[in-house]
Amino acid sequence: MPDTSYAASPEQTREPLVLRPPRHRIERRAILMWTLNALIWGILVVSGLGIAYALLPDTRPWLGPVLVIFAVIYAVNIAVMPTWRYLVHRWEITDQAVYALNGWITREWRITPISRIQSIDTRRGPLQTMLGLATLKVTTASREGAISIAGLNAAVAEEHSHRLTEITQATPGDAT
């Protein structure tokens, strides 16, 4: 069985990293961010299909049902997904690891040991900027090891980005 603990500095005790639910919720404004994002995409997709339906009469027999299916999928997505994601998403940053739980259909728990972190990024798209939110992305050498925590307060994301930078600089290891 592989060792799941990280190399602790002399001042720290060696504690195993265990899979557990992270302690913190993301910002409630993330519900609005996801709703607006789904609404924008829904309008673009359904409008595009509607325009094609109106302008291309030969496609109506098969495009009509496709249009209805996409309209229903986006309506359900807009009504259910944002709140569901908010209820699931959790995060936590400790001196040993970054913990994240996300998803809404498939839930994914992730733990990234501090010694494995290669880069820390803070991203803010247009909707996030408008709502004062940000995404904190922690990347490792593994393609599958990255953690993205979307829906954080922008100031909290920036604060934790700096904190993680300080912790990783003080942590022995080669991040591989």
Output for the stretch 105-130, where each listed residue is hydrophobic (A, V, I, L, M, F, W, C), in contact (Cβ under 8 Å) with a residue 24 or more places away in the chain and out of contact with any Leu (no Cβ under 6 Å at 6 or more places or on another chain)
I114, I117
Is it the case that L32 is loosely packed, with under 13 Cβ neighbours inside 10 Å and at pLDDT 95 or above?
no
Identify the single condition in (1) within 20 Å of P22 (Cβ to Cβ); (2) touching a Lys or Arg at 6+ places or on another chain (Cβ under 8 Å); (3) open to solvent by 20 Å² or more (accessible area, probe 1.4 Å) that Y99 does not satisfy, given that it satisfies every other one.
(3)
For the stretch 165-173, indicate whether the set of residues that are more than 17 Å from the chain's Cα centre (by Cα), acidic (D, E) and open to solvent by 70 Å² or more (accessible area, probe 1.4 Å) is non-empty.
yes
Which listed residue, of T135, T106, T122, is under 13 Å from the mean Cα position of the chain (by Cα) and open to solvent by 70 Å² or more (accessible area, probe 1.4 Å):
T106
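The values are calculated or read from the model by the stated rules, or taken from the named source; none is laboratory data. These numbers come from a predicted model, not from an experiment. Please note: Cβ atoms are built from the backbone with ideal geometry, for glycine as well, and neighbour counts cover all protein chains shown. Note: areas computed on protein heavy atoms with side chains; ligands, DNA, RNA excluded. Shrake-Rupley method; radii C 1.70, N 1.55, O 1.52, S 1.80 Å.
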